[in-house]
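The structure appears right after this line, and notes come after that.
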Amino acid sequence: MYEDRIDQIIDKHGAEKGVLIQLLLDIQHEFNWIPKEAIKRISERLKIPYSQIFRVATFYTALSLKPIGRHLIQVCLGTACHVRGGAKVLDTVEDALKIKAGNTTPDTKFTLSGVNCLGCCAQGPMMVIDDDYYGGVTPTAVKKILEKYK
């Protein structure tokens, strides 16, 4: 199913050394995840052991071996955000999307994750959707924020 497009992406990069991470990022961008078929195909074409590709794909948090939604929602659970209600914000998002953190909605529109820090401690609790940062988020504000992405 993915093989032709995966081959096109591999061909774009060639078999140069050091291309693996960018190749995986491009496949992730194309499919919103890295299918196991892609790892197998890369291994065959570039003569890189499957286990090495798998190790790289699982090491970097920017890469995912399971489908992720078109919109990535990250709710900060770091200390500053936690004491300001970050866990309640996460609970509210989970209820609104009917999924738990670490999962993707069945329509693949949203993937939700709790993160340790977004680097905006003074503005907590923080929520990031794609590249949009929301500070001082309250549980009541969650629904309005999510509406922008539905």
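Here are the numbers for this structure:
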quantity	calculated
Straight-distance crosslink candidates among aspartates and glutamates, where the alpha carbon sits under 17 Å from residue 143 and sequence neighbours closer than 8 are dropped	91, 94, 95, 130, 132
Exceeding the 31 Å Cα-Cα cut-off - candidates 12/148; 66/150; 100/148; 36/100; 12/36	12/148
Charge dipole (the chain, unit charges on Cβ, about Cα centre) - positive-most of 2, 114, 19	114
Within the accessible area of segment 34-150 (1.4 Å probe), percent carbon and sulfur	55
³J(HN,Hα), Karplus 6.51/-1.76/1.60, whole Hz, each residue of segment 34-43, x for Gly, Pro	10, x, 4, 4, 5, 4, 4, 5, 4, 4
By accessible area with a 1.4 Å probe, ligands and nucleic acids excluded, highest first: order of 6, 21	21, 6
Estimated dipole of segment 71-147 in Debye, rounded to 20 [Cβ of Lys and Arg +1, of Asp and Glu -1, Cα centre]	220
Sparsely packed chymotrypsin sites (Phe, Trp or Tyr not before Pro) within segment 1-81, loop by DSSP, other Cβ within 10 Å at most 13	60
Of the GluC sites (Glu not before Pro) in segment 33-106, those whose Cβ has at most 15 other Cβ within 10 Å and which sit in DSSP loop	none
Accessible area per residue in Å² at 1.4 Å probe, computed on the chain	59
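The values are calculated or read from the model by the stated rules, or taken from the named source; none is laboratory data. Keep in mind it's a predicted model, so treat the numbers as computed, not measured. Every residue, glycine among them, receives a Cβ derived from its backbone with ideal geometry; neighbour counts consider all protein chains shown. When the accessible area is computed, the model is the full protein with side chains, heavy atoms only, and any ligands, DNA or RNA have been set aside. Shrake-Rupley method; radii C 1.70, N 1.55, O 1.52, S 1.80 Å.
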